[in-house]
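Okay, structure first, notes after.
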Amino acid sequence: QAINYAIDRNLIIESMEAVGPLDSRLEDYPPAHKRLIAVRPVDGRSVREAAHANLQPLATRAFRRPATADEVNRLAALVDRAVAEGDSFEQGMQVALTAVLVSPHFLFRAEGQSKSAEPGAVQSLSDFELASRLSFFLWSSMPDEELMSLAGQGRLRDHTVLAQQVRRMLANAKSEALVQNFVTQWLN
C-alpha cells in the first residue's frame, strides 16, 4: 500500500543516546577542568595522592577556609573507591566534587564557636570568617585569592589592611551587588 509522505514531513524520534567523546586527550579539556584536575595519578603517584593534591585547594576555596586534613582525606578516599570500582579518575573526582558541593561547609557560612565559650558570649571571628563576611557583604560572592591570602597570613585584622581591602573591594565592579541586594531587600 502506497503512503503519501507529502502530507507530513515531521520526524519523530522516540529516543537517542550519545556516547563520547571516545578519543579525548587531556589537552582537549577546557581550562576549568585543567584547574580542577591539575595532578593526575601518573609517574608513581597513587590515585589517592593525586586526588589529595587536587582536592586540597578545591575544598579550601569552596569552604572559604583551609580544609582540614581529615576532610581532604575523606574526599580523596571517595575518589580512590570510585576508581577501585572501575570508574576513571575524572569520574572519581566528580564524586568528590559532588561531595564538596553538598557539604554544609560550602552551602552555609557557618562560623566556629569555641567549645569553652559561654552560651551567648561575644566571640571574635577568625580571619577566614571575617574575609567571608566581608566578601559576601560587599560582593555577594566568595572571597578572592587576595582576601584569602591575607586571612591565611593573619593580616586581615590589621585595621590598615582591612581598610585597604574594603576600598579595593568597593572599587571592583562586583560591589554593585551590594547596592542591588541591599536596596532590593531594604525597599522590598
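A few notes on this one:
- Residue in region 119-129 that is most open to solvent (accessible area, probe 1.4 Å), counting only those that are over 19 Å from the mean Cα position of the chain (by Cα) and under 19 Å from Ala163 (Cβ atoms): Ser124
- Verdict on Ser88 being open to solvent by less than 60 Å² (accessible area, probe 1.4 Å) and at negative phi: yes
- Among the residues listed as Val72, Val39, the single one being more than 20 Å from Ser149 (Cβ to Cβ) and either part of a loop (DSSP other than H, G, I, E, B) or in contact with a helix residue (DSSP H, G or I) (Cβ under 7 Å, 6 or more places away or on another chain) (or both): Val39
- Filtering region 96-105 to residues that are open to solvent by 60 Å² or more (accessible area, probe 1.4 Å) and either part of a helix (DSSP H, G or I) or closer than 18 Å to Arg48 by Cβ (or both) leaves Thr98, Leu101, Pro104, His105.
- Comparison of Arg74, Arg81, Arg61 shows that the only residue that is within 30 Å of Pro30 (Cβ to Cβ) and within 15 Å of the chain's Cα centre (by Cα) is Arg61.
- Residue match in region 42-55 (condition: among the polar types (S, T, N, Q), at negative phi and surrounded by 15 or more Cβ atoms within 10 Å (Cβ to Cβ)): yes
The values are calculated or read from the model by the stated rules, or taken from the named source; none is laboratory data. Everything numeric here is computed off the predicted structure, so don't read it as measured data. Here Cβ is always computed from backbone atoms with ideal geometry, including for glycine, and neighbour counts include all displayed protein chains. Just so you know, the surface numbers come from the protein's heavy atoms only, side chains and all, with ligands and any DNA or RNA stripped out. Shrake-Rupley method; radii C 1.70, N 1.55, O 1.52, S 1.80 Å.
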